[in-house]
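Enquirer: Encoded as structure tokens, here's the structure I'll be asking about.
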Amino acid sequence: MSWQDNYQLWQNAELTSDLKNDLAEMAKDEDKLIEAFTKPMEFGTAGMRGVMEPGINAMNIYTVRQATEGLARFMDQLPAEQKAAGVAISFDSRYHSQEFALNAAGVLGAHGIKSYVFDGLRPTPELSFTVRHLHTYAGIMITASHNPKQYNGYKIYGPDGGQMPPEEVNQIVAYIEKVTDLFSVKTLTQSELRAHNLMQLVGEDIDEAYLAKLATVTIRPDLIKKVASELSVVYSPLHGTGKVLYDRVFRTAGLTNVVVVPEQAVLDPEFATTPFPNPEFPQTFELAEQLGAKNGADLLIATDPDADRLGAAVRQPNGEYQLLTGNQIAALMVNYILAAKQAIGELPADGCIVKSIVSSEFAAKVAASYGVETRDVLTGFKYIGEQIEQMETTGQGHFLFGFEESYGYLVKSFVRDKDAMQASVMLAEVAAFYREQGKTMYDGLQELFTKFGYFQEKTVSFDFLGLSGHEKMANVMKEFRANPVTEVAGVAVVATEDYQNQTKTLADGTVEKLELPTANVLKYYLTDETWIAVRPSGTEPKIKLYFGVESDSAATSTAKIEKYQADLATRLK
């Protein structure tokens, strides 16, 4: 169908009042109509994410129903006991999130599939925990994570609590694509769902079970108790789900001196204090820094709106705060976890940390100093979850920590996705460790630099917007493969890993086989131990360049990254 035909269908449909008004506004801009009605929203392995507006290429109740219909049809083909296990559903603080969650439940109910829906917003990691705790077959999380207010998203989780694996997602997508009439998807009302026991509200019962598990994250509660009154932490939920549990989470861990940023503890879908609620951005910490300076806080913590990512800033000797990178946070936590477990005799001989291929080698080098293995996986926390499952199933390896450079961490495996609630507790314990020694986490980071070298990383995103965006992205990646990178800014490439072809090609032409799953990622290794990766985003129309360098100083590392970035950027224009 043409975009005009799709547009006509939406004009004739009985839309909700807000979508009807938005559609009337869109009629004034043909480019927006073409964007909204030409191509359906892409459903990838990380689900779907987009702007909330009318159209087949946007987030609205009809595309949510379509996606859920695909999941329901997939579950209709499962053995009866798996279908009967049902689906857990949670949502964040964004506009329409609860509405989307209830619409998903309505579609599932029309297929006789029971849903367990939270009575209010909850963090993404708690949804992952709920799937495991209730033994549901799947989970749905309505969230756009750290995106601006115009966005929302839809993620599907599998029986292990991790994001649904690619094989199952591909089958679900095939069913979604068969739903050509978005307005004909059958759905039940809340009252119908409740009358037929096809929806159960959950809340405090799950909270208590999740909090009980969170209480096991700390390694040395005696250490926290010793410095609890002195250690000052400022926390911000960035207007999101972290607000629901943060107070109980910190108190359960024995942290008594935690102050919340009041302006950012308002559940505001406008994200009024920070238009980009992403804890990797310095702007999100401005209010926390003001409060931290007033309180003399040792540590500032912010979690994104669905509380799966964590960012942090630490006090420097001059009293100002330095925002840490995701890789630096990971290195500090790995060093503490392994040192603490070693000190109490609980560091296993087959201990293992897991990280993505675009994350720093910093934490890996720290882990190696304790005799702990590091396993690399593709980007996407589901791959870290797969490694955990493999270790627990085979008994080969003992999971100690998992992370991605994009501010995602997991300490304990009762969750199978990034968990900023776990990370908040652990990072506060790291701060307590240094506080007991009369130091700050900033001091601790400098010690790690001195011992292991100065590691610096940077991620640069290039946008490919519009209908032709995905085609342009594909062409860029084809060009990288057709004309291999042999040197960057005059520094030779010694090896190239192509995860799409699953090959590693050395400078002399030798080709080795890669064992990781297929992914559209290229990674280059240079003679100066720099690594560079090129990867299209799984949820946004972006190609990302990742840089990882190691040197003897911050200035040298920064200069290296700038040089390499300037060289490669020309290939992405």
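The values are calculated or read from the model by the stated rules, or taken from the named source; none is laboratory data. Keep in mind that what you see is a predicted model, and the values were worked out from it rather than measured. All Cβ positions, even for glycine, are placed from backbone atoms using ideal geometry, and neighbour counts span all protein chains on display. These area figures cover heavy atoms from the full protein model, side chains too; ligands, DNA and RNA do not enter into them. Shrake-Rupley method; radii C 1.70, N 1.55, O 1.52, S 1.80 Å.
Enquirer: Filtering segment 136-148 down to residues that are part of a loop (DSSP other than H, G, I, E, B) and within 17 Å of the chain's Cα centre (by Cα), which residue is surrounded by the most Cβ atoms within 10 Å (Cβ to Cβ)?
Expert: By that ranking, first place goes to Thr143.
Enquirer: Let me ask another. Residue by residue through segment 528-546, note down the ones that are in contact with a helix residue (DSSP H, G or I) (Cβ under 8 Å, 6 or more places away or on another chain), surrounded by 20 or more Cβ atoms within 10 Å (Cβ to Cβ) and farther than 22 Å from Lys472 by Cα.
Expert: Thr530
Enquirer: So in segment 425-470, with the set limited to residues that are of a type in the set (Asp, Glu) and crowded, with 19+ Cβ neighbours inside 10 Å, which one is modelled with the highest pLDDT? Talk me through it step by step, then tell me what you get.
Expert: Going through segment 425-470, the residues of a type in the set (Asp, Glu) turn out to be 429, 436, 443, 447, 457, 463.
Applying the additional criterion that residues be crowded, with 19+ Cβ neighbours inside 10 Å yields 429, 457.
On the way: Glu429: 98, Glu457: 92.
The qualifying residue modelled with the highest pLDDT is Glu429.
Enquirer: Within segment 81-93, is there a residue that is over 23 Å from Phe37 (Cβ atoms), in a helix (DSSP H, G or I) and either touching a helix residue (DSSP H, G or I) at 6+ places or on another chain (Cβ under 6 Å) or of a type in the set (Gly, Ala, Ser) (or both)? Step through it out loud before you land on a result.
Expert: Looking only at segment 81-93, we keep the residues that are over 23 Å from Phe37 (Cβ atoms), and these are 81-93.
Keeping just the survivors that are in a helix (DSSP H, G or I) gives 81-84.
With the extra rule that they be either touching a helix residue (DSSP H, G or I) at 6+ places or on another chain (Cβ under 6 Å) or of a type in the set (Gly, Ala, Ser) (or both), the set shrinks to 83-84.
Yes, there is a match, as at least one residue in segment 81-93 is over 23 Å from Phe37 (Cβ atoms), in a helix (DSSP H, G or I) and either touching a helix residue (DSSP H, G or I) at 6+ places or on another chain (Cβ under 6 Å) or of a type in the set (Gly, Ala, Ser) (or both).
Enquirer: Would you check if Pro305 is over 25 Å from Val227 (Cβ atoms) and either open to solvent by less than 10 Å² (accessible area, probe 1.4 Å) or modelled with pLDDT of 95 or more (or both)? Talk me through it step by step, then tell me what you get.
Expert: On the way: over 25 Å from Val227 (Cβ atoms): yes; either open to solvent by less than 10 Å² (accessible area, probe 1.4 Å) or modelled with pLDDT of 95 or more (or both): yes.
Here the answer is yes, as Pro305 does meet what is asked.
Enquirer: Checking Thr379 against (1) modelled with pLDDT of 95 or more; (2) crowded, with 19+ Cβ neighbours inside 10 Å; (3) not in a helix (DSSP H, G or I), which single condition isn't satisfied?
Expert: Unmet condition: (1).
Enquirer: Cβ-Cβ distance below 6 Å, separation of 6 or more or different chains: which pairs start in segment 25-48 with a residue that is within 19 Å of Ser2 (Cβ to Cβ) and end on one that is open to solvent by 60 Å² or more (accessible area, probe 1.4 Å)?
Expert: From segment 25-48, the pairs are Met26/Lys32; Thr38/Leu467.
Enquirer: Within the bounds of segment 513-527, is there any residue that is acidic (Asp, Glu) and either touching a Ser or Thr at 6+ places or on another chain (Cβ under 9 Å) or open to solvent by less than 10 Å² (accessible area, probe 1.4 Å) (or both)?
Expert: As a first pass, look at segment 513-527 and keep what is acidic (Asp, Glu): 515.
Next cut, either touching a Ser or Thr at 6+ places or on another chain (Cβ under 9 Å) or open to solvent by less than 10 Å² (accessible area, probe 1.4 Å) (or both) only: none.
The answer is no; no qualifying residue exists.
Enquirer: Now for a separate question. Among the candidates Lys478, Lys504, Lys472, which residue alone is part of a strand (DSSP E or B) and basic (Lys, Arg)?
Expert: Details: Lys478 fails: part of a strand (DSSP E or B); Lys472 fails: part of a strand (DSSP E or B).
Answer to the selection: Lys504.
Enquirer: Could you count how many residues in segment 381-396 are aromatic (Phe, Trp, Tyr) and farther than 18 Å from Tyr409 by Cα? Step through it out loud before you land on a result.
Expert: Quick first cut of segment 381-396, residues aromatic (Phe, Trp, Tyr) only: 381, 383.
Filter once more, so that each one left must be farther than 18 Å from Tyr409 by Cα: none.
The total comes to 0.
Enquirer: Return yes when Arg194 is in contact with a helix residue (DSSP H, G or I) (Cβ under 6 Å, 6 or more places away or on another chain), modelled with pLDDT of 95 or more and open to solvent by 50 Å² or more (accessible area, probe 1.4 Å) and no when it is not.
Expert: So Arg194 fails the test.
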